[in-house]
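This report refers to the structure that appears directly beneath it.
Bear in mind that the values in this text are calculations on the coordinates, not laboratory data. All values derive from a computational prediction rather than experimental measurement. Positions of Cβ are generated from backbone atoms using ideal geometry, with glycine treated the same way; all protein chains shown enter the neighbour counts.
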Amino acid sequence: MDMPKELNTKKEIDEYSKKITKEIKEEAKNNKIEKAEKKKDDKKKKKNNLDEDGNEKPKRALTKYQQYIRDNQQRIRDEFPELSNTERFSKLAEQWKAYKATLEAAEADDEDDE
C-alpha cells in the first residue's frame with residue numbers, strides 16, 4: 001500500500017485511489033471474517049464445557065427443587081395425562097411448595113432436638 005513517488009495525471013491518481021480503496025475493503029472484510037470465526041470458536045469452547053486445559057468441567061449439583069421436579073415429573077404425567085406441560089409444572093410447583101414446607105418443618109424439629 002505504499003504510495004508511488006509520482007502520480008502525474010488525474011487518471012493515475014484515480015487508479016491508485018481505487019486500488020487502495022479496494023485493498024482496504026478486502027482487508028476489512030478479511031478481518032471481519034477472522035473475528036466471526038474466532039467468536040464461533042469461542043462459543044464452541046463454551047458449549048463444550050471445557051476448562052483452559054481442555055478437561056471437561058464437572059457439572060453443578062442439582063438444587064433440591066430441580067431434583068424434586070426430575071423425580072416427580074413422570075408421576076404427575078401418569079396421574080394427570082390430560083394436563084399440558086404448563087399445567088403439569090404448575091401442579092409440580094404447588095406440590096413442591098407443600099413438600100418444601102414439610103422439609104423446613106423437619107429441619108426445624110431436628111434443630112430443636114439438638
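Quick notes on this structure:
- Residues in the range 78-89 that are surrounded by 13 or more Cβ atoms within 10 Å (Cβ to Cβ) and in a helix (DSSP H, G or I): 88, 89.
- Among the residues of the range 46-75, those that are surrounded by 10 or more Cβ atoms within 10 Å (Cβ to Cβ) and not in a helix (DSSP H, G or I) comprise 48, 49, 50, 51, 62.
- Only listed residue being among the polar types (S, T, N, Q), under 30 Å from the mean Cα position of the chain (by Cα) and at negative phi, chosen from 49, 55: 55
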